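The values are calculated or read from the model by the stated rules, or taken from the named source; none is laboratory data. As the structure is a prediction and not an experimental result, all values here were calculated from the model. Note that we place each Cβ from the backbone using ideal geometry, even for glycine, and neighbour counts take in every protein chain shown. Just the protein is used for accessible areas: all its heavy atoms, side chains included, with ligands, DNA and RNA removed. Shrake-Rupley method; radii C 1.70, N 1.55, O 1.52, S 1.80 Å.
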Amino acid sequence: MDKFLINGPCKIKGKVLISGSKNASLPILAATLLFDEPVVIKNLPIVRDINTMINLLKSLGSKIILSKDKKTVKIINQKKMKTFASYSLVKTMRGSILVLGALVAKYNKSKTSLPGGCLIGARPINYHLAALKKLGMKYEIKDGYILARSKGKLKGTIIKFPKISVGATENSIIAACISKGKTILKNCAIEPEIKDLTNFLNSAGAKIKWLGRTCKIEGVDKLNQTVYSVMPDRIEAGTFCVASTLSNGNLEIRNINSKIIQTELSLLKKAGAKIKIEKDKIFIKGPHKIKSIKNIKTKEWPGVATDMQSQFMVLMCKAKGKSVITENIFENRFLHVGELQRLGANIQIKKNKAIIEGNTKFVAAELMSSDLRASVALVLAAIVSNGKSEINRIYHLDRGYEKIENKLKKIGVKIKRLRG
Ligand code: EPZ
């Protein structure tokens, strides 16, 4: 297993180009199962999860033509596609569950593995199943699989989600756009990645409209061919913004619309960062003294992204004074805390709150990654630690950050990947 060696502390300076969004690409790729015509998706990030989704589509019968730079795919579905999404693929990437809505809507049947939990939480899919059932999907759970079918086309209806869920909203939109009649989804998640999914579907002739957290979908018979470029990754951009703030750095972040990380940028300004916005660029300079932010609470969009929680925790370790981070989305998303404590952080956990004593002097150590965003927090901490840190199991990072060591090297980080 590969590991990173990072020789800190490093001063971050230079330019970084943001890749396409993993969490917009996954639902968009799943939705290509709805198409009879060829469909082209551009600006895909070169990360493991996208590879896994492409392999899943291939296993269902899609013909995939990948561009030389691996950022564009042309997808051609066969007349008769398979509808079996195997455990071996779904277990490596939970986002695979997003093919369920597409397969049942298009082929009226599917055998899809339950995704199972992951380290950050149980990750149930009850809201996905309940919504698809309301659209007419019948299912039973057997041997870890969802055996789903529908009698003819799914039928539009009114669905109110009991809790805001990104995946359940996406699965339902995908299924509803070729269902019979009108669907109204209420209490939807409205993350930018979901808007990217609906922009993609509308570019192919779907009829999807938004009004706040309500999504209105008029079912169409078929989708036309389209070429669509995925939005930039706001979590990657936010991570680099934290890196610059953390290390008294000076960074130009390119190919990002600052509106989609407005909330996080306001927090960074509170911590003392100097931020200048240009059309699709963010200039961010870190302060000499990082100010603590008393209360950071993760929330659904437009609140502070849970996928940015661990990065902000590293920043607050270096801030002057005490701060509290509350994780409101996942039940076990403090896996990075133990590792940060090994670097010298003083953090106390009380239920879903982390109380952070600032002014931490991070000292390099050997570290273990646990999940995608916890791993990037360890990279950030290693960048501002004294000495050589070793970060193990960086396959977690490869799931969602494109060529991260190359991008970090280019902005002054002394990092090396040791192939394991
Ligand atoms: C998406 O996960 C993202 N993944 C996550 O990013 C992100 O952290 C999360 O949304 C929240 O923004 C992708 O887009 C591929 P949810 P998802 O359904 O859809 C509970 C990353 O690092 N819930 O909004 O799984 C659930 O357990 C990943 O890129 C149910 O109880 O998130 C959680 O506590 C990590 N039943 C909360 O809702 C359900 O049926 C929010 O989950 C569905 C969800």
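What residue, of Ile173, Ile164, is under 20 Å from Gly101 (Cα atoms), within 16 Å of the ligand (Cβ to nearest atom), surrounded by fewer than 24 Cβ atoms within 10 Å (Cβ to Cβ) and in contact (Cβ under 8 Å) with a residue 12 or more places away in the chain?
Ile164
Counting just the residues of the range 134-153 that are farther than 17 Å from Ile173 by Cα and open to solvent by less than 10 Å² (accessible area, probe 1.4 Å), which one comes out nearest to the ligand (Cβ to nearest atom)?
Selected residue: Ile146.
Where the second residue is among the acidic types (Asp, Glu) and the first is outside any strand (DSSP E or B) and lies in the range 180-201, which pairs have Cβ atoms under 7 Å and are six or more apart or on separate chains?
Sorted first by the residue in the range 180-201, then by its partner, the pairs are Ala189/Glu300; Ile194/Glu170; Leu197/Glu170.
Within the range 369-385, can one find any residue that is open to solvent by 10 Å² or more (accessible area, probe 1.4 Å) and touching a Cys at 6+ places or on another chain (Cβ under 8 Å)?
Yes - at least one qualifying residue is present in the range 369-385.
Is it true that Ser19 is away from the ligand (no atom under 13 Å from the Cβ), open to solvent by less than 40 Å² (accessible area, probe 1.4 Å) and under 13 Å from the mean Cα position of the chain (by Cα)?
Here the answer is yes, as Ser19 does meet what is asked.
Do you know which of the residues in the range 85-115 that are out of contact with any helix residue (DSSP H, G or I) (no Cβ under 7 Å at 6 or more places or on another chain) and assigned to a helix (DSSP H, G or I) is nearest to Arg48 (Cα to Cα)?
Result: Arg94.
For (1) modelled with pLDDT of 95 or more; (2) more than 11 Å from the ligand (Cβ to nearest atom), each residue gets a yes or a no:
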| residue | (1), (2) |
| --- | --- |
| Ser86 | no, yes |
| Met93 | no, no |
| Leu100 | yes, yes |
| Val104 | yes, yes |
| Pro115 | no, no |
| Gly121 | no, no |
| Leu129 | yes, no |
| Leu132 | yes, no |
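Among the residues of the range 396-415, count how many are open to solvent by 80 Å² or more (accessible area, probe 1.4 Å) and either assigned to a loop (DSSP other than H, G, I, E, B) or within 22 Å of Leu340 (Cβ to Cβ) (or both).
2
If a residue must be assigned to a loop (DSSP other than H, G, I, E, B) and hydrophobic (A, V, I, L, M, F, W, C), how many such residues does the range 123-150 contain?
Matching residues across the range 123-150 total 3.
For residues that are open to solvent by less than 50 Å² (accessible area, probe 1.4 Å) and assigned to a strand (DSSP E or B), scanning just the range 288-325, find the one that is farthest from Ile349 (Cα to Cα).
Val304
For the range 267-282, state whether one or more residues are of a type in the set (A, V, I, L, M), within 16 Å of the ligand (Cβ to nearest atom) and outside the structural domain of Glu191 (by TED's automatic domain parsing).
Within the range 267-282 (the criterion being of a type in the set (A, V, I, L, M), within 16 Å of the ligand (Cβ to nearest atom) and outside the structural domain of Glu191 (by TED's automatic domain parsing)), the answer is no, since none of the residues qualifies.
Which number in (1) open to solvent by 40 Å² or more (accessible area, probe 1.4 Å); (2) at pLDDT below 95; (3) under 30 Å from Ile394 (Cβ atoms) marks the one condition that Lys80 misses?
Unmet condition: (3).
Quick check: is even one residue across the range 151-158 touching a Leu at 6+ places or on another chain (Cβ under 7 Å) and either part of a loop (DSSP other than H, G, I, E, B) or not assigned by TED's automatic domain parsing to the domain that holds Asn108 (or both)?
Yes, the conditions are met somewhere in the range 151-158.
Can you pull out every residue in the range 56-84 that is more than 16 Å from the ligand (Cβ to nearest atom) and either assigned to a helix (DSSP H, G or I) or of a type in the set (Asp, Glu) (or both)?
Lys58, Ser59, Leu60, Asp69
Please tell me if Ala105 is at negative phi and buried (at least 20 other Cβ atoms within 10 Å of the Cβ).
Answer is yes for this residue.
Determine if the range 203-213 includes at least one residue that is touching a helix residue (DSSP H, G or I) at 6+ places or on another chain (Cβ under 7 Å) and within 16 Å of the ligand (Cβ to nearest atom).
no
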